[in-house]
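The values are calculated or read from the model by the stated rules, or taken from the named source; none is laboratory data. As the structure is a computational prediction, the values presented were derived from the model and not from experiment. No Cβ is skipped: glycine too gets one built from the backbone with ideal geometry, and neighbour counts run over all protein chains shown. Ligands, DNA and RNA are stripped out before the accessible areas are found, and what is left, the full protein with its side chains, is counted by its heavy atoms. Shrake-Rupley method; radii C 1.70, N 1.55, O 1.52, S 1.80 Å.
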Amino acid sequence: MDIHTNWLEIKTLFKRSFKSSFHYAIASVSAEGEPHITPIGSLILTEPGKGYYFEKFTTHLPKSAHLQGRVCILAVNGSMWYWLKSLLRGEFVSRPAVRLYGTLGELRDATEQEKAKFQKRVSKTRFTRGYTLLWKNMSKVRDIEFDKVEQVKIGAMTKRFF
């Protein structure tokens with residue numbers, strides 16, 4: 001799987017993953033060499049090999065960015081119906097999961113377009129207290145440049161993709 005050739009497919013899987021779980025898992029490594037996984041719901045993929053996320057509550061990712069900046073992001077289509085249909089068929093009709101590997105950029109102010117795009121994503125939750133506490137005032141983003149994509153193999157159910 002090529003990151004540039006398959007970017008549209010990768011973005012589609014990321015959208016399905018977010019829709020089914022409201023977050024992605026971003027893995028990084030601490031100064032002590034320990035793995036750390038952070039749930040991030042604000043990641044937005046842009047042009048091929050690029051994306052950004054809003055950084056507000058994270059504590060380990062900023063430290064990781066200063067150390068080496070390497071991350072791995074896992075997106076899984078967790079839709080119950082997708083999995084049930086796939087299990088009944090004995091195969092996945094689309095890739096169930098993918099990992100993106102990349103390097104974190106510097107923290108910066110979000111553009112008005114970036115803010116608007118994220119607000120559109122979470123607009124259905126605007127009536128909740130959680131929206132106000134979590135997402136109403138997102139202002140800082142960190143870019144990510146991706147250099148590798150890895151398909152997730154799940155035995156015979158994913159053999160058509162390899």
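Answer yes or no: is there a residue in the range 14-34 that is farther than 24 Å from A116 by Cβ, touching a helix residue (DSSP H, G or I) at 6+ places or on another chain (Cβ under 6 Å) and not aliphatic (A, V, I, L, M).
yes
Answer with yes or no whether G105 is open to solvent by less than 30 Å² (accessible area, probe 1.4 Å), over 15 Å from the mean Cα position of the chain (by Cα) and either in contact (Cβ under 8 Å) with a residue 24 or more places away in the chain or at negative phi (or both).
Here the answer is yes, as G105 does meet what is asked.
Looking only at the range 136-162, filter to residues that are among the charged types (D, E, K, R) and in a loop (DSSP other than H, G, I, E, B); which one of those is farthest from F14 (Cα to Cα)?
Filtering first and then ranking leaves K136.
What are the pairs with Cβ atoms under 7 angstrom where one residue, in the range 73-87, is within 25 Å of I26 (Cα to Cα) and in contact (Cβ under 8 Å) with a residue 60 or more places away in the chain and the other, located anywhere, is open to solvent by 80 Å² or more (accessible area, probe 1.4 Å) and not polar (S, T, N, Q)? Sequence gap at least six, or different chains.
N77/R16; S79/R16
Return the pair list, or none, for Cβ contacts closer than 7 Å from residues in the range 130-144 that are over 15 Å from D109 (Cα atoms) and open to solvent by less than 70 Å² (accessible area, probe 1.4 Å) to residues that are hydrophobic (A, V, I, L, M, F, W, C) and outside any strand (DSSP E or B), at least 6 apart or on different chains.
Correct list of pairs: Y131/V122; W135/V122.
Please verify whether K63 is in contact with a helix residue (DSSP H, G or I) (Cβ under 9 Å, 6 or more places away or on another chain) and either surrounded by fewer than 16 Cβ atoms within 10 Å (Cβ to Cβ) or under 23 Å from K148 (Cβ atoms) (or both), treating the condition exactly as stated.
Criteria not met by K63.
Read through the list (1) under 27 Å from S123 (Cβ atoms); (2) open to solvent by 50 Å² or more (accessible area, probe 1.4 Å), then give the number of the only condition that T58 fails.
Just one mismatch for T58, condition (2).
Please specify each residue of the range 145-158 satisfying the condition of being open to solvent by 80 Å² or more (accessible area, probe 1.4 Å), in contact (Cβ under 8 Å) with a residue 12 or more places away in the chain and closer than 27 Å to E91 by Cβ.
Matches in the range 145-158: K148 only.
Output the residues belonging to the range 1-32 that are open to solvent by less than 50 Å² (accessible area, probe 1.4 Å), among the small types (G, A, S) and either within 17 Å of V71 (Cα to Cα) or in contact with a Lys or Arg (Cβ under 9 Å, 6 or more places away or on another chain) (or both).
A25, A27, S28, S30
Any chance the range 76-86 includes a residue that's small (G, A, S) and more than 17 Å from the chain's Cα centre (by Cα)?
Yes, the range 76-86 has at least one match.
Output the number of the condition that S86 fails; it satisfies all remaining conditions of (1) touching a Phe, Trp or Tyr at 6+ places or on another chain (Cβ under 6 Å); (2) open to solvent by 50 Å² or more (accessible area, probe 1.4 Å).
Of everything listed in (1) touching a Phe, Trp or Tyr at 6+ places or on another chain (Cβ under 6 Å); (2) open to solvent by 50 Å² or more (accessible area, probe 1.4 Å), S86 misses just condition (2).
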